[in-house]
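Have a look at the structure below before the remarks.
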Amino acid sequence: MRDTILSTRNLTKKYGNTAALSNVSLEVKQGDIYGLVGKNGAGKTTLLRLISGQAFSTEGEITLFDQSSPSGINLGRKRIGSIIETPSFYANLTAEENLEYYRLQRGIPGKECIQDALQEVGLADTGKKKYKSFSLGMKQRLGLALALMNKPELLLLDEPINGLDPFGIVEIRNLLIRLNQEKNITILISSHILSELSSLVTNYGFIDKSKLVKQLSAEELSMECGRYIELRVEPLEAMTALLETKLHTTNYRVNPDYSIHLFDYLNDPYKVSQIAVTNGIRLNSITLKEIKLEDYFIQLVGGESND
Amino acid sequence: MTNYIKSELYRLIRTKGSYMFIGICSILLISVNVLLASIGHSEPTFPYDRTDFSISFISSGWNVLFILCTLVASIVFGNEYANHTMKNSISYGIIRGKIYMGKFIVALLYALLAFMIIMGLFVGSAYLLLENTGMDALMMLLKSILLALPMLISALAASHCFLFLLEGTSGAITSIMVAIVVFPIVSSYLGLRYDIFQRLSKILPFNLIGAINYDQQYQLVLPWEGSAAYGNYWMYGLLWTVIFLTIGYVLFSKKEIK
């Protein structure tokens, strides 16, 4: 059983009468890459700011590394690396100087952690270039380097691939997967683009209008999305029995509208129809369909434009 | 807190503004002595190319230094809110009290260092360039420094407090000026009519530092006689320092960081 590294219970943040976050309860276990998905302004950053101590909750509780007292949570934050909103550094210092400033502040022994972190994110050769001359992508990488410098057990990353070019996105994605798999670093990552996270995360939390509307694993999401065969047949029970006995699959779902979504035999729908017909099933329709990740997301959160 | 102070000193050493402040202040003050000396050279009857005149000129100008404390605090604060850099410290679990007091200690250290360098260069250039009229004025300067110091510390604390509480530097500096300069002046005028303002204005740092005067024999003329003056200056200076630091800390500990 994996340990829970971070959990929130009924976490609420209000500004006046407006709720920026309402009763959010989530659980991130060790080794997870938890993707927090929501439109801009949905409450993702607010949640991360509450966890990182930048803002204070109105109600609810945060438990971090089994600690839920303010001092315990603060101690736990030393085991976290984070980029909340945009990465921010001193404009007139170089990448190395900025990291040295935070290394001294955090009391991290030995300067080699700076080069290691810069190497890890591909910024080892920026030399005397000041932060103010960095591109957005370089700034993101430096933010990630700072987050990694203290060898964290948990990474909080708020839209970390914003501003990166396609190569940069792939590099950072691979880096995060490597950190997760090789160093067992748990990651809580937010994005407003579901497809950005799809090849990365193990668990999803969908947040909309300040509420956590759905949590599911990557496997569950792939069941909900992707390609499938939609069958409309009579009788329904006979067809499901055929799927299991003749086609040897349980990878299907019966929907409230009496349709069957079959996630196997996607390249051979003819075989499915043949089995149905030869066994006396009335086949009203058989259609190959696809739900894209973004469509799923839009369906889930209502499909209004980003604010 | 030591780690935080170390990091702030590291950054301050790499900040151009910290050198520019000391450099510009030193050049301005040294140029006063250069000007006096050059006029003295070209005009033999010129009566002011003397160390006592130059040094006493500074002893009566503490109000300017009082205002400059805002600049010192602002250099050390390092535009944390505009750069959004404070969130990096907070999200690592560095306690707000350490950030607040750590920065104040660094501001105090930098202010003392800057003060010693600027004053040392000014006094040194005076004795180097001008007619040496003895040590009376210098002794008076040293005594007035002892009186001005707690007031300058309180000005630094007030500036520190507002810089931590307000997001924009220009807004913070305006508020500081209102609190530590305009309010004491207004209080003095209101004191002509209302007793409470009269009493309050007498213990406000800007008014106290402005009350450091001297006579023709270079003896200090103060609101209190003898050693009570030193005691009262330090007592009120530290009192205002504690008040500003406490208000700043309490409000900063509740402030959300972006």
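For A:Thr250, are the conditions met, namely being closer than 23 Å to A:Glu220 by Cβ, outside any loop (DSSP other than H, G, I, E, B) and of a type in the set (Val, Ile, Thr)? No. In region B:227-240, the residues that are exposed (fewer than 13 other Cβ atoms within 10 Å of the Cβ) never reach a residue that is assigned to a helix (DSSP H, G or I) with C-beta atoms less than 8 angstrom apart, at least six apart or across chains. Residues that are within 11 Å of chain B (Cβ to nearest Cβ), assigned to a helix (DSSP H, G or I) and within 18 Å of B:Arg14 (Cβ to Cβ) are absent from region A:107-130 altogether.
Taking helices (runs of 4 or more DSSP H) as the structural unit, those lying wholly within region B:165-228 and holding at least 2 residues that are within 27 Å of B:Phe53 (Cβ to Cβ) correspond to B:205-210. Among the residues that make up region A:128-135, is at least one of them of a type outside the set (Lys, Arg) and surrounded by 20 or more Cβ atoms within 10 Å (Cβ to Cβ)? Yes, that holds for at least one residue. Going through (1) under 24 Å from A:Ala145 (Cα atoms); (2) without any contact (Cβ under 8 Å) to a residue 60 or more places away in the chain; (3) of a type outside the set (Gly, Ala, Ser) one by one, A:Asp264 falls short only on (1). The criterion of being buried (at least 22 other Cβ atoms within 10 Å of the Cβ), assigned to a strand (DSSP E or B) and not acidic (Asp, Glu) holds for A:Leu11. Every condition in (1) of a type in the set (Gly, Ala, Ser); (2) crowded, with 20+ Cβ neighbours inside 10 Å; (3) over 14 Å from A:Leu36 (Cβ atoms) holds for A:Ser217 except the one numbered (2). Scanning region B:2-23 for residues that are away from every other protein chain (no Cβ under 14 Å) and over 20 Å from B:Leu128 (Cβ atoms) yields a single hit, B:Phe21. Restricting attention to region B:79-93, and to residues there that are within 7 Å of chain A (Cβ to nearest Cβ) and part of a loop (DSSP other than H, G, I, E, B), which single residue is surrounded by the fewest Cβ atoms within 10 Å (Cβ to Cβ)? That would be B:His84.
Reported count of residues in region A:35-62, each being out of contact with any strand residue (DSSP E or B) (no Cβ under 7 Å at 6 or more places or on another chain), more than 10 Å from every other protein chain (Cβ to nearest Cβ) and part of a helix (DSSP H, G or I), is 0. Selection within region A:63-98: residues that are part of a strand (DSSP E or B) and either of a type in the set (Ser, Thr, Tyr) or touching a Gly at 6+ places or on another chain (Cβ under 9 Å) (or both). The member of this set that is surrounded by the fewest Cβ atoms within 10 Å (Cβ to Cβ) is A:Gln67.
Coordinate-derived values only; no laboratory data. Given the structure is predicted, the values throughout are model-derived calculations rather than measurements. Cβ: placed from backbone, ideal geometry, glycine included. Neighbour counts: every protein chain shown.
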